Amino acid sequence: MKEIQRWFLWLAIIGPIHLGEQLLFGLDELQILKRGFAGFYGLFSDPDYATVTLVIVFGTIVNLIGYAFVLGGKWRFAALAFFALVGVGEIHHVISTAERGSYFPGTVTAIPYFIFGVLLTRALIFEYRRIYSPVSAAALARTS
């Protein structure tokens, strides 16, 4: 559990630093997101309604993740896995830099973000197996 706490904390620390790097060196990713959401915004006659709908959707996701933490057990693992996969997904900055042949804003901090995501994923898998594998359950039953 200590490993999970460590890597989750590092993700929480690197996240704002990563966003700060993007604020300093360019919002290229924001432009990509805008293009990605253009179709969604096209479904609404008023873009404010689309924005509020997105806030509702993402707010609900955040609340469900919080609820998963409160529930504990496998749900907590699922919530932590979401954050781990966000960290792993930041590798896209490195890929964008390689494709462009030049720096893509956020690449420097995306590297540790990715590494911490991988390490959190690894820690979650090991802890999950330790708690929920049939062998562990049998061992726990014998010691109880």
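Could you run the Karplus curve 6.51 cos²θ - 1.76 cosθ + 1.60 with θ = phi - 60° over the stretch 17-28 and give me ³J(HN,Hα) per residue in whole Hz, x for Gly and Pro?
5, 4, 5, x, 4, 5, 5, 6, 10, x, 9, 4
Between PHE104 and residues 5 or more places away or on another chain, which pairs have amide H atoms under 5 Å apart, with H built 1.01 Å from N, and which residues are they?
Close amide H contacts, sequence-distant or interchain: THR97.
Gap in Å between the Cα centre of the stretch 61-133 and the Cα centre of the stretch 1-51?
With the stretch 1-51 and the stretch 61-133 each reduced to a Cα centre, they are spaced 14 Å.
Using a 10 angstrom Cβ neighbour count of at most 16 plus a DSSP loop assignment to flag exposed chymotrypsin sites (Phe, Trp or Tyr not before Pro), which longest range of the chain is free of such sites? Present the calculation step by step, with values, prior to reporting the outcome.
On the way: sites that count: PHE44, TYR103.
Answer - 45-102.
Let me check against my output: what whole-number percent is the relative contact order of the stretch 26-144, with C-alpha pairs under 8 Å and at least 6 apart? Please report the intermediate quantities before stating the final value.
Working: 73 pairs, mean separation 24.8, N = 119.
With pairs under 8 Å counted, the relative contact order is 21 percent.
Translational D (Stokes-Einstein, µm²/s) of the chain at 4 °C and 1.567 mPa s when Rh comes from the Kirkwood sum over C-alpha pairs?
Working: Rh = 17.6 Å.
Roughly 74 µm²/s, to the nearest whole number.
Based on Cβ point charges of +1 for Lys and Arg and -1 for Asp and Glu, what charge dipole magnitude is obtained for the chain about its Cα centre, in debye rounded to the nearest 20? Before the final figure, lay out each step's value.
Working: 11 positive and 9 negative charges, 166 e Å.
So the dipole magnitude of the chain works out to roughly 800 debye.
Coordinate-derived values only; no laboratory data. Quick caveat: nothing in here was measured; it's all calculated off a predicted structure. Every residue, glycine among them, receives a Cβ derived from its backbone with ideal geometry; neighbour counts consider all protein chains shown.
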